[in-house]
Each structure stands twice: as C-alpha cells, then as structure tokens.
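The values are calculated or read from the model by the stated rules, or taken from the named source; none is laboratory data. Because the structure is predicted, anything quoted here is derived from the model rather than measured. Cβ placement follows ideal geometry from the backbone for every residue including glycine, while neighbour counts extend to all protein chains displayed.
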Amino acid sequence: MYLPIANLSVNGLVIVGLGALTGLLSGMFGVGGGFLTTPLLIFYGVPPTVAAASAASQVTGASVSGAFAHARRGGIDYQMGAVLVAGGVIGTGLGALLFRLLQALGQIDTVINILYVVLLGGIGGLMAQESLTALRAHRRGVPVPARKRRHHPLIASLPFRYRFYRSGLYISPLAPLLLGTATGILTMLMGIGGGFILVPAMLYILGMGAGVVVGTSLFQILFVTMATTMMHALTTRAVDIVLAVLLLIGSVSGAQVGAQFAQKARPEQLRLILAAIVLGVAVRMALGLGWRPDEIYTVVSL
Amino acid sequence: MLGGARDPILVPEISQHEIQVRQGFTGADLLLFGAILSPEGSRAAGDYDIVVVLEGPVRSIVVREKQKVAGVWVNAQASEFRSAPSFFAIASNRPIRQIVDDKTAAIYELGLDWLQLSPIGVIEPKLQQRFSAGLVDLMKRQGLYQQNEGGVQIREQVLYQARISLPSSVQTGTYTAETFAVRRGKVVASAVTRVEVTKEGFERFVAVNAQRNGLIYGLFAVLLSVAMGWIAGRLFALV
C-alpha cells in the first residue's frame, strides 16, 4: 500500500495488524492505545509527524464504540465531560503552537521521547505497584482497604464551585478544565488519547466516582482526538487518510475482541499486564535516548 | 566547448518519461540509454566515457546533528542548505576519478562528493563538510542518493545503458536526466531529458486536498473514524 501523505510504500497487513494489536489493548484496558501506535509507526519508518497525526484518528475510532457502550449504561458525566472537552480543545490549540515551536527548534523528537519516558514510566510504575498490592491481598484473602474518595486539597481551594451530580462532586470547574487542557496538549504532541493519564487523575486528583470515570474519560478522548485530527489537518497537514483507515480497520475490530477478553479476566491482572506493557515501552524509549541513535543526522525540509 | 563541429553525436533516451505514483507504487526502475557516435557518424563509444546523472527536484532543507548532552542524544547543531536534491543518482562506465579530475567533477557535479548544496548563512568549511557528508550518507542508505561506478554499460561501441531505481519514497516533480560524454578528462557533449514523477488518481486527490482543503479533509477523517468505530461496535454486537 502506498501512503499518499507519508510518501511511503508500506505493507498494509502490517499496519492493520498494528492497529489490531493496539485495538486489543484499548478494548481490554479502556485506554486509547495511541501510546503504542505512534512509536511503532515511527519505528516502521513513518515520519513522526504523520504518525502522531494519523494515530489520533485511530484513537477516535477505537473510543467511539466504548463511549457508546458507557453512554447506554449512564456511565458518562456529560457536564464534567463537557468541561474536560473544552479544556482539551484549548489544549490541542496550545499543543499545536508548541508543536510548531519545537519543530522549528528541532527538538520535537527529543521532547516527545522524554515525555513518553516520564509519563509512561511514572504511570506504569504506579499501576504496577497498585495492582501487585491488590493481587497479593487477593491471595491472602484480605481485601485492600478502600481508599477514601476525596479530591485533592488544592482542588478545594479553587473558586466558582459547581455541583457535578453524576460524579458526586462539588468542585470548581477550573480543575477539570486544567486537566483537560493538559491532556489536550499531550494528545497533540504525542498522538495519544491520554486515557492512561486522565483515568488516574480523575480518580485520585478530582476524586470522581469510579462508575463514571472510564465512560467520561472515553467521552473526553473521543472529542479531543477529533479536535486533534482537525488541528493536524489544518496546521501540520500530516493526517494520512490511507494510514488512518488501515489502522482503524485493525483497531476497531481489535477493540471489540479486547472488550470480550476484558469481561473474563480479573481487573488487577489486566492492570498488571497493562503496567508491564507501559513500562516496557517507557524503558525502550529511555534506552533510545541514551543509546547512540542509528541516525546522527536528520533532514527536514524548510 | 559544447556543440562544436568536432563534437560527438549523443542521442539519449529514457525508458519512461512519466512515472505515476499511485496505489501499489513500490518504486520504479528507469533505463537510461542512448547512442554515441563520432562526429563523422561512426561508432565511437570506445573513445568516450559516459556519465549519467538523474536528479530530482531540489528543496531547501535543514540538516540536524545529534549529540550527547547530559547523557541524552539531542539535536544540537544544524545547518541549512538551499538546494539539496531530493534524489540524485549517478552512474558511469568506470570510476569518476579515472574519468575526470576533481575540478571538472566539481563543475559538472559529477559525484556525490560534488553536490552543490548551497549552504545558507556563514558556516565553517569543515563543519559544512561534516554536514554534507552526513546528509549524503543518510540519503544513500535511503536509496535516494546513489553512485554506481560501473553502472553504465557500453555495447557494440555505440549503445550505452544504465539502470537507476527510484525507491517508493521519491518526491514528485520534474527529474532531469543528463548524459555526459567525456573524452580525455573533458566533457565534450551533454544532453538532457526529463522525467515527470506525478501522483495520479486517488493519491493525487488525497495529497492535493490535504494541502488545500484542510478543513474538509480533517472533517472527513474525523467522520470516517467515528463511522468505522460505530459500525464495528454494531457488527460485533450482533455476533
């Protein structure tokens, strides 16, 4: 298959397979899977900008069916979601500016790599620790004491409090707005949905009810990745529709299969596997930063 | 020097004057061939050396060099070039160094060592050389710069031919194929033919719209991904 924007001929089946792999993960763990797609595409030889831009539309596709499913069960806090999306759209705008600035400085690759290492390493470590504790407790037969659901004290100090009924919160909308902005920036820079950052942040920083966390996060990811695709189409012009369709074919079907797996497996085990994958990617990226790269020289058109 | 009465007759031709980049494009093989005759019209190839150069559209580029800073490889120094060819292939019947001296090679850009990259701004010659060498090395490994000494075959003292392959990652645009006849270190005849590399059909449509109609293109991409996700959800709900 020839990719008209990437100016590159690829094996279509490999890309579909790649999409299926990340789709499987997204169905199983409720994350977008963009954190895997982008680096793997770059590794395959797709230019980084095209990879990030096209991966965003793949995440959209993968999160659609999930978001619908959660909506039917009433698992989305639309008010909270709207605030997050608003933040996310602001974030993609800021991200686009940042992207252009870093591109002009020639540091975009390094920044993307460092972001990956720090974020994936941090989140992966936390998840691994948490799921290991849970698994150990499960083996002993003692349940882990439930964490008291509370938002961070800093959040309480923000002004303009507002009642989010479904999340069971009375907090300032500024907090989710900022959170949305941060994930929007990351989406634009890294081509990820940001679900693996959003979910823990909603749980532990905002203190949202667990029942609406995944649905609301999917809702936000859906709209933010849509905004990201638009932003890339308008600024970097690097969305490769052929690449996106190939990825989508794989990921939308993979997501469905993954969702069925997820119903059979234990959540702690799933989280441990996800943590291992996330940590694996982070370690690989960290090594990449320190190792002598294959190419010392890179060429960009002016 | 060129075009005098005692110059040889050089008739170049190319197997394809148009290369269409469309679905399934995995690169193209070009055959550059032709005939060379002495001024009197007899077979003459034995007296001449043939050098064939295929050059793609030039573009302005930034070449960045990674260096280890605080344990991390980052882009440190950069150099800009105004006219780096996006594709450059040279073939000759024997090593260039045996055909012409360095000065002639530099004038006619005969060889990857002699590319006129026109650096922008003031830059140390040594540094510039390092960057050009880095660029050439990188492009060589991507198959976009090629130097094949011995790639030109001369048959029956009159026909010459060279095969040049374009990888799938070539830029679109006008490519020029220039053939040089060299005698005793002097370029005595040269002739140019052109090859157009264009995106056609669907590929052209996509590339043009991504550039010009970003809004509609983006909306289409978004709708497509939503639709595909939704349809997959519906289909699997039936299973």
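Screening the candidates B:VAL197, B:VAL187, B:VAL158 for the property of being under 23 Å from A:PRO4 (Cα atoms), of a type in the set (Val, Ile, Thr) and touching a Leu at 6+ places or on another chain (Cβ under 8 Å) yields one hit, B:VAL197.
Would you call A:LEU3 at the interface with chain B (Cβ under 10 Å from one of its Cβ atoms), over 24 Å from the mean Cα position of the chain (by Cα) and crowded, with 23+ Cβ neighbours inside 10 Å?
For A:LEU3, the condition - at the interface with chain B (Cβ under 10 Å from one of its Cβ atoms), over 24 Å from the mean Cα position of the chain (by Cα) and crowded, with 23+ Cβ neighbours inside 10 Å - is met.
In the stretch A:232-243 there is at least one residue that is in contact with a Ser or Thr (Cβ under 8 Å, 6 or more places away or on another chain), among the small types (Gly, Ala, Ser) and within 13 Å of another protein chain (Cβ to nearest Cβ). For the stretch B:135-148, filtered to residues that are in contact with a helix residue (DSSP H, G or I) (Cβ under 6 Å, 6 or more places away or on another chain) and within 15 Å of B:LEU54 (Cβ to Cβ), the residue that is farthest from the other protein chains (Cβ to nearest Cβ) is B:GLN147. Being small (Gly, Ala, Ser), facing chain A (nearest Cβ under 8 Å) and crowded, with 21+ Cβ neighbours inside 10 Å holds for only one residue in B:GLY233, B:GLY229, and it is B:GLY229. State yes or no: is A:ARG266 of a type in the set (Lys, Arg), within 10 Å of chain B (Cβ to nearest Cβ) and more than 14 Å from the chain's Cα centre (by Cα)? It is false that A:ARG266 is of a type in the set (Lys, Arg), within 10 Å of chain B (Cβ to nearest Cβ) and more than 14 Å from the chain's Cα centre (by Cα). Checked against the criterion of being outside any loop (DSSP other than H, G, I, E, B), touching a Phe, Trp or Tyr at 6+ places or on another chain (Cβ under 9 Å), more than 14 Å from every other protein chain (Cβ to nearest Cβ) and at pLDDT below 85, the stretch B:33-52 has at least one qualifying residue. I need the helices (runs of 4 or more DSSP H) fully contained in the stretch A:168-280, keeping only those with at least 2 residues that are touching a strand residue (DSSP E or B) at 6+ places or on another chain (Cβ under 7 Å). Answer list for the stretch A:168-280: A:241-264. Of all the residues in the stretch A:207-228, those that are within 10 Å of chain B (Cβ to nearest Cβ) and touching a Gly at 6+ places or on another chain (Cβ under 6 Å) number 1. Identify, from the list B:VAL182, B:VAL170, B:VAL222, the residue that is surrounded by 20 or more Cβ atoms within 10 Å (Cβ to Cβ), within 14 Å of another protein chain (Cβ to nearest Cβ) and touching a residue at least 12 places away in the same chain (Cβ under 8 Å). Result of the check over B:VAL182, B:VAL170, B:VAL222: B:VAL170. Hey, does the stretch B:1-19 have a residue that's assigned by TED's automatic domain parsing to the domain that holds B:ILE164, at pLDDT 85 or above, part of a strand (DSSP E or B) and in contact with a helix residue (DSSP H, G or I) (Cβ under 9 Å, 6 or more places away or on another chain)? No, the stretch B:1-19 contains no residue that is assigned by TED's automatic domain parsing to the domain that holds B:ILE164, at pLDDT 85 or above, part of a strand (DSSP E or B) and in contact with a helix residue (DSSP H, G or I) (Cβ under 9 Å, 6 or more places away or on another chain).
Which of the residues that make up the stretch B:186-219 are loosely packed, with under 14 Cβ neighbours inside 10 Å, within 30 Å of B:ASP29 (Cβ to Cβ) and not charged (D, E, K, R)? Within the stretch B:186-219, B:VAL192, B:GLY201, B:PHE205, B:VAL208, B:GLN211 qualify. Of all residues in the stretch A:52-72, those satisfying the criterion of being surrounded by fewer than 24 Cβ atoms within 10 Å (Cβ to Cβ) and touching a Phe, Trp or Tyr at 6+ places or on another chain (Cβ under 9 Å) are A:PHE68, A:HIS70, A:ALA71.
Taking the criterion of being within 14 Å of the chain's Cα centre (by Cα) and loosely packed, with under 13 Cβ neighbours inside 10 Å, the only residue of the stretch B:15-30 that qualifies is B:ASP29. For the stretch B:154-167, a tally of residues being surrounded by fewer than 15 Cβ atoms within 10 Å (Cβ to Cβ) and under 18 Å from the mean Cα position of the chain (by Cα) returns 1.
Just one of (1) more than 10 Å from every other protein chain (Cβ to nearest Cβ); (2) out of contact with any Pro (no Cβ under 9 Å at 6 or more places or on another chain) fails for B:PRO57. It is (2).
Sort out which residues of the stretch B:156-167 are at positive phi and either free of Cβ contacts under 8 Å to residues at least 12 places away in the same chain or not charged (D, E, K, R) (or both), and write them in order of number. Across the stretch B:156-167, the qualifying residue is only B:GLN157. One residue stands out in the stretch A:244-254 among those that are more than 7 Å from chain B (Cβ to nearest Cβ) and buried (at least 24 other Cβ atoms within 10 Å of the Cβ): the one that is farthest from A:ALA67 (Cα to Cα), namely A:LEU246.
Can you name every residue in the stretch A:9-41 that is of a type in the set (S, T, N, Q) and surrounded by fewer than 24 Cβ atoms within 10 Å (Cβ to Cβ)? Within the stretch A:9-41, A:SER9, A:ASN11 meet the criteria. Taken as a whole, the structure leaves A:LEU94 outside the set of residues that are touching a residue at least 12 places away in the same chain (Cβ under 8 Å), under 15 Å from the mean Cα position of the chain (by Cα) and surrounded by fewer than 21 Cβ atoms within 10 Å (Cβ to Cβ). The set of residues from the stretch A:255-294 being of a type in the set (D, E, K, R) and loosely packed, with under 12 Cβ neighbours inside 10 Å comprises A:LYS264, A:ARG292, A:ASP294.
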